[in-house]
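Input: a single structure, listed below in structure tokens.
Here, each number is a calculation from the coordinates, and none is a lab measurement. Worth saying up front: this structure is predicted, and the values here are computed from it rather than measured. Cβ: placed from backbone, ideal geometry, glycine included. Neighbour counts: every protein chain shown.
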Amino acid sequence: MRLTSRLAVMALAVASPLSAVAAQGLTAIRAGRLVDAEKGVVHRDQLVLLRGERIESVQPGSARIPAGARVIDLTRYTVLPGLITCHTHLIGDITGPPLAPLERSGAQEAFSGVRNARATLLAGFTTVRDIGTYRAFVDVALRDAINDGTVIGPRMAVAGAYVTVSTGAGEVTGMAPDVVLPSDFRFGVANSVPEVRQRVRALLNGGADFIKILATGAVLTRGTKPGVSEFTEEELKAAVDQAAQYGAFVAAHAHGAEGIKNAVRAGVRSIEHGSLMDDQAIALMKERGTYLVADIYNGDYIASVGREQKWPAEFLRKNDETTEAQRQGFRKAVAAGVKIAYGTDSGVYPHGWNAKQLPYMVRYGMTPMAAIQSATIVAARLMGWEDRVGSITAGKFADIIAVEGDAMADLASFGKLGFVMKGGVVYKGP
Ligand SMILES: [Zn+2]
């Protein structure tokens, strides 16, 4: 028995070697450069003390290291809070033929989430707002499995499913009209104010953290038109009001300007994509404090890989019609002072490439520090999680990453991460 249990422990250690350093006791991180995401400045030569899964203090590098502390030397690195993306789809493989979700069982979807969650964490994204799955509640299961230690992955806030009109942007479309989908694919379908309220309740009662609603058509949903509104302002408001009773917020997928304005006026927390927004929409977002989560990288991926892999012509056309417009709108929104939170639509492109959008955000008007803040403290505020993540601050989770050299001088360097810690556990180290 003793041998068996020792073998079991060894097997566990081999299965997850990266978490072999347990989160307990005191750890001291020597940081050559440390990014203060709250203040938007970089400090040289700092000492970060961690106790268990939390940050205990941040002091000048000359401070004394307590006896017995484990020391991690990151003096050659830029040390930052773990990155946060507000728009991932960790469940499934969105890329591929439009009906691909129907070729995969719920179990296969769940295991794809295990793979995708691990890739995302190892890319330095220690928190994600996961913004929808075709099969309802697979994301809830993944979140819970990460939280209880079964699966390695980022902290997750999840949507449970898509709230969408029937045949709308959140549906699997393109089948013959007489083919009936299983109910878990259609959990969030609603076509009136009472139905929206009822679906929002069902999702939040079922374990979702927030609501994802599809306010307009989509690029990657067959038949739907990105510029066309799918829910009315009244229906969007019903979702916001119902979610608010649970202390939850609503994220609205919206490409068309009218759909964006309907969603902002309805009180959603964030606009996803925002591809075809006009000046009035930008002014309204600024006025209401609505966050913009714009996936300005992945249009290039779809245009090149989608074309190579012969994605449907309709998808490629709609991608072409939204990519440049979205980038110009993004530039205007940045200039207008709209709150920008990081989100890339990973799942449309491969998980683990999440940092590729950082240089794009600089190209379209942000400073490197503002881009990093959008992927740390601003994203944390959007999620309502600024009390626990988003900066290296005493009391928050010890979610810390590091990039060799002066990372802020070249945001493309975030693709080559040297160190990832989540909750005091090292998953990738020098
Ligand atoms: Zn998406």
Revision key, fill the gap. Computed over the chain: longest principal axis from alpha-carbon atoms vs helix 279-288 long axis, angle to nearest 10 degrees, is 50 degrees
Revision key, fill the gap. Scalar couplings 3J(HN,Hα) for region 192-209 by Karplus 6.51 cos²θ - 1.76 cosθ + 1.60 (θ = phi - 60°), nearest whole Hz, x for Gly and Pro, are 6, 4, x, 5, 4, 4, 5, 5, 4, 4, 4, 5, 6, 5, x, x, 5, 8
**Study point:** Simple label model, 7 Å out from Cα along Cβ direction - Q280 to E234, nm
**Key:** 2.0 nm
Study note, to complete from the structure: Scalar couplings 3J(HN,Hα) for region 381-391 by Karplus 6.51 cos²θ - 1.76 cosθ + 1.60 (θ = phi - 60°), nearest whole Hz, x for Gly and Pro, are 5, 4, 6, x, 10, 5, 7, 10, 9, x, 7
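Go through 310-318, 323-331 and give me the packing order, highest mean Cβ count within 10 Å leading.
Working: 310-318: 14.9, 323-331: 18.8.
Top of the packing list down: 323-331, 310-318.
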Check your understanding: Along the Cα-to-C-beta direction of A313, a point sits 7 Å from the Cα; which residues of region 213-243 have their amide N less than 17 Å from that point?
Key -> 222-224
Practice item. Could I have the simple spin-label model distance between R222 and Q198, label points 7 Å from Cα toward Cβ, reported in nm to one decimal? Key: 2.9 nm
Review point. Roughly what % of Cα-Cα distances in region 335-413 sit above 20 Å, to the whole percent?
Key: 37 percent
Practice item. For G92, enumerate residues with amide H under 5 Å from its amide H, sequence gap 5+ or separate chain, H modeled in the peptide plane. Key: S112, G113
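I'm checking a number: the convex hull volume of the Cα atoms of region 299-430, normalised per residue, in Å³. What is it?
Working: hull volume 17.0 nm³, N = 132.
In region 299-430, the Cα convex hull volume per residue is 129 Å³.
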**Study point:** Residues with amide H under 5 Å from that of Y427, placed H, sequence gap 5 or more
**Key:** V420, M421, K422
Review point. Around K212, which amide H atoms from residues at least 5 apart in sequence, or from another chain, sit under 5 Å from its own amide H, with H modelled in the peptide plane?
Key: A161, V163, A251
Review point. In sequence order, what are the phi-derived ³J(HN,Hα) couplings for region 333-338 according to the Karplus relation 6.51 cos²θ - 1.76 cosθ + 1.60 with θ = phi - 60°, rounded to whole Hz, with x for glycine and proline?
Key: 5, 4, 4, 7, x, 5
Practice item. Put one equal scatterer on each alpha carbon of the chain, apply the Debye formula with no solvent term, and list log10 I(q)/I(0) at q = 0.07, 0.12 1/Å to two decimals. Key: -0.33, -0.95
Study note, to complete from the structure: Once normalised by the length of region 233-331, the mean sequence separation of its alpha carbon contacts under 8 Å that are 6 or more apart gives a contact order in percent of 24 percent
Study note, to complete from the structure: Given 346-357, 104-115, 258-269, 128-139, the highest-first ranking by average Cβ count within 10 Å works out to 128-139, 258-269, 346-357, 104-115
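If the chain between D184 and R363 were fully stretched, how many nm would it gain, using 0.36 nm times the residue separation less the Cα-Cα distance?
Numbers: separation 179, 0.36 × 179 = 64.44 nm, distance 4.05 nm.
Gain on stretching D184 to R363: 60.4 nm.
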Practice item. For region 93-135, state what percent of all Cα-Cα pairs lands in each successive 5 Å bin, counting from 0 Å until the bin that includes the largest distance. Key: 5, 19, 27, 25, 15, 8, 1
Check your understanding: Helix 138-147 versus the longest principal axis of the chain: what angle, 0 to 90°, nearest 10, using Cα atoms?
Key -> 10 degrees
Review point. Do you know the relative contact order of the chain, to the nearest whole percent, from alpha carbon pairs under 8 angstrom that are 6+ apart?
Key: 20 percent
